[in-house]
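Inspection log for the structure reproduced underneath, given as structure tokens.
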Amino acid sequence: MPVSPERVGDASRRPLLVTSDLELLDAVLRLAALAGADLDVCPDAGSARVRWTTAPIVVVGADVVVDCIRLRLPRRPDVVLIGGDLDDAGVWQQAVAVGAEHVLFLPDAEPWVVEVFADAAEGAAPEGPLVAVVGGRGGAGATTLACALAVTATRAGRTTLLVDGDPLGGGIDLVFGGEGTRGLRWQDLGATRGRIPAAALASALPRMADLSVLSWGRGETHALAPEAVRAVLGAGRRASDLVVVDLPRVLDEAARLVLGQATTTLLVVPAEVRAAAAAGRVAATVSLFARDVQLVVRGPSPTGLTGDAMARALALPLAGEMRLEPHLSCALDRGEAPPRRPRGPLGSFCTAFLDELLPADRSAA
């Protein structure tokens, strides 16, 4: 008789597996481990009765489905039948009789099972917003703004993930003086496919300034695989109140994927005529993939060019203007993460922007 695995955490989130088939048990337990989920396991229909109506999902093996039908277990949603033989027409009749919404066959359905188990383990919390930050020209201050947004959100009690999406940017961990901090970098996650359990990602990444940071290491860099980026963003948004991604101006496939998922994209531009001309080309490209692009103008302008004038020239809504912050460059060289002063130009912009972006009910206690 199969032995139930250790059961940890909220019982309402544990899927129920009903089977006495040892081979099927091993296969499903392996998928549950990949999803970071604990299961309740019952060897027969009678012992499954207690959890049948309360489990978030019930997986029934073909070896016990007849017993489940005979016991007339209550109809409920989210029942899955795992068939043993794709050519067995009777399995579809059994699925109707037991009230199964899906009939699956392994190994073809393994990714779907992992996804469903992960959803059950992590609950139904909504995904946090994703903010992408792009410089209108080199040295515009996009990385500084991305870090400042993440730090400001964390100081306000929000769980935050900061992602370095620029493989040629030198590593965003340098902004925090955290290049020696232990944890996974992009080089460790580049081959990732499928779904990453949110809690596993959060615990594996380096912590800097009380937030999770995914950066590049100091070694050789490669273009990010879109599948890895998609997996990381999904896990980050499930685990965090906010995800901030610092993107390069030259958009590769991974950067385009980020823009497509971004809640808001901020284009950072100094208040200069030449910068506006360069930013126009960047804005045109970014707008092909991002649904909400807003302009952040960094001053002062040597010619008196205003943020409103920049916004009109680039045909973008103005998210805000920021004055020059004294001694910021020196602080960054020392590994002191921005903003230095919560009420300075950078901190004030970040606070105002995040107050509009983040709903109050996602705030941490």
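Summary table
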read-out: Residues being surrounded by 14 or more Cβ atoms within 10 Å (Cβ to Cβ), within 19 Å of residue 120 (Cα to Cα) and of a type outside the set (D, E, K, R) - total across segment 62-94; value: 4
read-out: Scan of segment 15-28 for residues that are surrounded by fewer than 24 Cβ atoms within 10 Å (Cβ to Cβ) and touching a strand residue (DSSP E or B) at 6+ places or on another chain (Cβ under 8 Å), ordered by number; value: 16, 20, 21, 24, 25, 28
read-out: Any hit, segment 127-144, residues being more than 18 Å from residue 227 (Cα to Cα), open to solvent by 60 Å² or more (accessible area, probe 1.4 Å), in contact (Cβ under 8 Å) with a residue 60 or more places away in the chain and under 20 Å from the mean Cα position of the chain (by Cα); value: yes
read-out: Residue count for segment 225-263, restricted to those that are surrounded by fewer than 20 Cβ atoms within 10 Å (Cβ to Cβ) and acidic (Asp, Glu); value: 3
read-out: Segment 323-341, subset under 17 Å from residue 150 (Cβ atoms) and in contact (Cβ under 8 Å) with a residue 60 or more places away in the chain, residue most open to solvent (accessible area, probe 1.4 Å); value: 336
read-out: One residue from 207, 256, 230, 218 being of a type in the set (D, E, K, R), without any contact (Cβ under 8 Å) to a residue 40 or more places away in the chain and closer than 22 Å to residue 141 by Cα; value: 256
read-out: Failed criterion for residue 219 (all others in (1) over 26 Å from residue 354 (Cβ atoms); (2) at pLDDT 90 or above hold); value: (2)
read-out: Residue in segment 239-252 that is hydroxyl-bearing (Ser, Thr, Tyr), at negative phi and over 14 Å from the mean Cα position of the chain (by Cα) present; value: no
read-out: Filtered residues of segment 179-199 (kept if modelled with pLDDT under 90 and open to solvent by less than 50 Å² (accessible area, probe 1.4 Å)); value: 189, 190, 192, 195, 196, 197, 198
read-out: Test set (1) modelled with pLDDT of 95 or more; (2) under 30 Å from residue 201 (Cβ atoms) - residue 78 fails condition number; value: (1)
read-out: Per-region count, segment 74-92, residues within 36 Å of the chain's Cα centre (by Cα) and assigned to a loop (DSSP other than H, G, I, E, B); value: 7
read-out: Checklist (1) assigned to a loop (DSSP other than H, G, I, E, B); (2) open to solvent by 60 Å² or more (accessible area, probe 1.4 Å) applied to residue 111, failing item; value: (1)
read-out: Hits in segment 264-316 - residues which are free of Cβ contacts under 8 Å to residues at least 60 places away in the same chain, open to solvent by less than 30 Å² (accessible area, probe 1.4 Å) and of a type in the set (Val, Ile, Thr); value: 293, 297
read-out: Answer from 132, 146 - the residue that is touching an Asp or Glu at 6+ places or on another chain (Cβ under 7 Å), closer than 22 Å to residue 198 by Cβ and among the aliphatic types (A, V, I, L, M); value: 146
read-out: Top-ranked residue in segment 28-65 [being hydrophobic (A, V, I, L, M, F, W, C), modelled with pLDDT of 95 or more and part of a helix (DSSP H, G or I); ranked as farthest from residue 90 (Cα to Cα)]; value: 29
read-out: Residue selected from segment 99-126 under the condition among the aliphatic types (A, V, I, L, M) and free of Cβ contacts under 8 Å to residues at least 40 places away in the same chain, by the criterion nearest to residue 74 (Cα to Cα); value: 103
read-out: Segment 309-325 - residue that is part of a loop (DSSP other than H, G, I, E, B) and in contact with a Lys or Arg (Cβ under 9 Å, 6 or more places away or on another chain) and, of those, modelled with the highest pLDDT; value: 323
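The values are calculated or read from the model by the stated rules, or taken from the named source; none is laboratory data. Computed from a predicted model, the values in this text were never measured in an experiment. Because the Cβ atoms are built from the backbone with ideal geometry, glycine has one as well, and the counts that use them run over all protein chains shown. To get the accessible areas, we keep the full protein, side chains included, count just its heavy atoms, and leave off ligands, DNA and RNA. Shrake-Rupley method; radii C 1.70, N 1.55, O 1.52, S 1.80 Å.
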